[in-house]
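Asker: Can you read through this structure? Questions will come right after.
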Amino acid sequence: MDKVLKAAFGLLFVLLTVTSSVAEPWTVDPLPQSSKLYAGEEILSTNGIEALVYFRKGDPEQPLVVFVPGGFHLARVAYGYPDGRDEDFLAHWLKRRGYSFLGASYPTGNEVYSKVYPAFSIRDWGKQVAAVAKHYIDKEGLSERVIVLGWSAGGQIAQSVYEAMSDTGLDLELFVSLASTPPIPLLLAAPGAISKAPNGLSAAPQVYELFKKYVTAQDQLNGHTIIPWVVFQKDVLGDIPVALNAIMMASRYENGEFVEDLEWSIADTGGLKFTDFPMVVTISGDKVLDNDHALTDHGNWGIYQIQHLYRSTVLPALKESADIDPKDWQFVMDQMSAATAGILSARVSGNHFFWYGAVGARETANQIDVLRYRAETLKGQLADAVQGLMDK
């Protein structure tokens, strides 16, 4: 027992105190293009691992917005399909607001990929997103500032993509949680939801029925079918590498098997690396159908919001002083309280796919701008207030 406790505390100490060394960025190379691609899509090789990508150029001075899909999905849900209405998808409304858009799909079992990658991890996921973002920023002459939209299980890469972008020389200005779950293994209670497919990927066919309920409800909200379910199931969904289920099961892939390994999963997600974490804002839906995210996202991400502000903005400028005016100190405390009181969170009417369909997509793009402004303002006011205390 003593050895187990020492190992657990040792891991915690390392994760909390050790800063990551600069890693070698992943390489990006073109691949022969498949006939299964939609117009505007391409398959890139990122360190030998396929990535499905889709890019739309906006104002090069604005940050690049990268959409990261959730479990079992391709990013096509955010930019559409050939017979769809462009205004039903986030890419359209973000482009209208001047942003360049990048849909970055991790490798799944969907037929758009030539092979599967069952050992693909959340560390790999973050590096892949950073690599394709850097690729398009260099290719298109864009600003090196990036906003990442992590939807659902896509929230798991908040730390890994921040670290990877830092290593790549990019500035991850903001991580936007779209009904997503933080990188905390086993945070979601879903026993037995995941099974092993013959190709080594993880499958959850029963969850597809829930996805169908979500998209059907969004169809009804928008008054038309956004993507027909038969197309959605074929062109969007696919089995995924087991490590990307960390929020439900802490396992890795080894020798053809799923191996339970909580310690490995904690390191893979980076959820305890509070000193190496981006600024986060959250947008959630408001429907009972997505009750877990509607009720918990604000609180689940709160620890990361407050730790980022404290460690990146307040603590570096703060010095102990008995001479601080109580009113000035109260202002600093009030600003920190505001961070987790709702100022960095928003709601858009809809379920887990609230951003899917013109009604929610347009409002989501609007809320991204609002939250970006709030985050910038809050950080600026905190920095000014703390510096003001030190200058007195």
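Asker: For segment 257-313, how many residues are hydrophobic (A, V, I, L, M, F, W, C) and touching an Asp or Glu at 6+ places or on another chain (Cβ under 8 Å)?
Answerer: Just the residues of segment 257-313 that are hydrophobic (A, V, I, L, M, F, W, C), to begin with: 258-259, 262, 264, 266-267, 272, 274, 277, 279-281, 283, 288-289, 294-295, 301, 303, 306, 309.
Filter again for touching an Asp or Glu at 6+ places or on another chain (Cβ under 8 Å), leaving 279, 294.
Number of matching residues: 2.
Asker: If you go through segment 60-104 one residue at a time, how many are closer than 22 Å to residue 179 by Cα, of a type in the set (Lys, Arg) and surrounded by fewer than 24 Cβ atoms within 10 Å (Cβ to Cβ)?
Answerer: The total comes to 2.
Asker: Continuing with the same structure: Quick test for you: out of 149, 172, 142, pick the one residue that is modelled with pLDDT of 95 or more, among the hydrophobic types (A, V, I, L, M, F, W, C), in a loop (DSSP other than H, G, I, E, B) and closer than 27 Å to residue 56 by Cα.
Answerer: 142
Asker: Continuing with the same structure: Any idea which residue in segment 316-346 is modelled with the highest pLDDT, counting only those that are farther than 21 Å from residue 374 by Cα and either basic (Lys, Arg) or surrounded by 20 or more Cβ atoms within 10 Å (Cβ to Cβ) (or both)?
Answerer: 327
Asker: Same structure again: So, of the residues in segment 191-222 that are touching a residue at least 40 places away in the same chain (Cβ under 8 Å) and among the basic types (Lys, Arg), which turns out to be nearest to residue 258 (Cα to Cα)?
Answerer: Result: 196.
Asker: Test residue 296 against the criterion of being without any contact (Cβ under 8 Å) to a residue 40 or more places away in the chain, assigned to a helix (DSSP H, G or I), of a type in the set (S, T, N, Q) and more than 18 Å from residue 335 (Cβ to Cβ), and give yes or no.
Answerer: Working: without any contact (Cβ under 8 Å) to a residue 40 or more places away in the chain: yes; assigned to a helix (DSSP H, G or I): yes; of a type in the set (S, T, N, Q): yes; more than 18 Å from residue 335 (Cβ to Cβ): yes.
So residue 296 passes the test.
Asker: Tell me, which strands (runs of 3 or more DSSP E) lie completely within segment 226-289 with 3 or more residues that are touching a helix residue (DSSP H, G or I) at 6+ places or on another chain (Cβ under 7 Å) and surrounded by 15 or more Cβ atoms within 10 Å (Cβ to Cβ)?
Answerer: Output list reads 251-254, 280-284.
Asker: Name the residues in segment 74-116 that are under 28 Å from residue 61 (Cβ atoms) and of a type in the set (Phe, Trp, Tyr), would you?
Answerer: Correct list: 79, 89, 93, 99, 101.
Asker: May I ask you to list the residues in segment 243-285 that are touching a strand residue (DSSP E or B) at 6+ places or on another chain (Cβ under 8 Å) and polar (S, T, N, Q)?
Answerer: Scanning segment 243-285 gives 245, 251, 265, 282, 284.
Asker: Considering 243, 204, which residue is aliphatic (A, V, I, L, M), under 19 Å from residue 107 (Cβ atoms) and more than 20 Å from the chain's Cα centre (by Cα)?
Answerer: 204
Asker: Of all residues in segment 175-198, which are of a type in the set (Ser, Thr, Tyr) and at pLDDT below 95?
Answerer: Going residue by residue through segment 175-198, those that are of a type in the set (Ser, Thr, Tyr) are 177, 180-181, 195.
Residue satisfying the conditions is 195 alone.
Asker: Give the residue, chosen from 285, 302, that is in contact with a Gly (Cβ under 9 Å, 6 or more places away or on another chain) and either more than 16 Å from residue 341 (Cβ to Cβ) or not basic (Lys, Arg) (or both). Let's see the steps before the verdict.
Answerer: Details: 302 fails: in contact with a Gly (Cβ under 9 Å, 6 or more places away or on another chain).
None of the others qualify; the one that does is 285.
Asker: Identify, from the list 44, 64, 102, the residue that is out of contact with any Gly (no Cβ under 7 Å at 6 or more places or on another chain), without any contact (Cβ under 8 Å) to a residue 60 or more places away in the chain and within 28 Å of residue 273 (Cβ to Cβ). Steps first, please.
Answerer: Values: 44 fails: without any contact (Cβ under 8 Å) to a residue 60 or more places away in the chain; 64 fails: without any contact (Cβ under 8 Å) to a residue 60 or more places away in the chain.
Exactly one residue qualifies, and that residue is 102.
Asker: While we're here: Being in contact with a strand residue (DSSP E or B) (Cβ under 8 Å, 6 or more places away or on another chain), buried (at least 24 other Cβ atoms within 10 Å of the Cβ) and in a loop (DSSP other than H, G, I, E, B) narrows it down to one of 108, 181, so name that one.
Answerer: Working: 181 fails: in contact with a strand residue (DSSP E or B) (Cβ under 8 Å, 6 or more places away or on another chain).
Just a single option satisfies the conditions, and that option is 108.
Asker: Moving on to the next point. Identify, by number, the condition in (1) surrounded by fewer than 18 Cβ atoms within 10 Å (Cβ to Cβ); (2) in a helix (DSSP H, G or I) that residue 349 doesn't meet.
Answerer: (2)
Asker: Tell me which residues, restricted to segment 370-384, are touching a helix residue (DSSP H, G or I) at 6+ places or on another chain (Cβ under 7 Å) and either surrounded by fewer than 20 Cβ atoms within 10 Å (Cβ to Cβ) or within 20 Å of residue 147 (Cβ to Cβ) (or both).
Answerer: Within segment 370-384, the subset touching a helix residue (DSSP H, G or I) at 6+ places or on another chain (Cβ under 7 Å) is 374, 378-379, 381-383.
Listed by number, the residues that qualify are 374, 378, 379, 381, 383.
Asker: Now for a separate question. Mind listing whichever residues of segment 336-365 are touching a residue at least 60 places away in the same chain (Cβ under 8 Å) and over 19 Å from residue 295 (Cα atoms)?
Answerer: To start, the set of residues in segment 336-365 that are touching a residue at least 60 places away in the same chain (Cβ under 8 Å) comprises 344-362, 364-365.
Listed by number, the residues that qualify are 356, 357, 358, 359, 361, 362, 365.
Asker: Please list, ordered by residue number, the strands (runs of 3 or more DSSP E) wholly in segment 20-59 having 2 or more residues that are surrounded by 14 or more Cβ atoms within 10 Å (Cβ to Cβ). Walk me through how you get there before you give the answer.
Answerer: Numbers: elements: 28-30, 41-46, 49-56.
Of the strands (runs of 3 or more DSSP E) lying wholly inside segment 20-59, those with at least 2 residues that are surrounded by 14 or more Cβ atoms within 10 Å (Cβ to Cβ) span 41-46, 49-56.
The values are calculated or read from the model by the stated rules, or taken from the named source; none is laboratory data. The structure displayed is predicted, hence computed values, not measured ones. Neighbour counts are summed over all protein chains in view; Cβ atoms, including those assigned to glycine, are modelled from backbone coordinates with ideal geometry.
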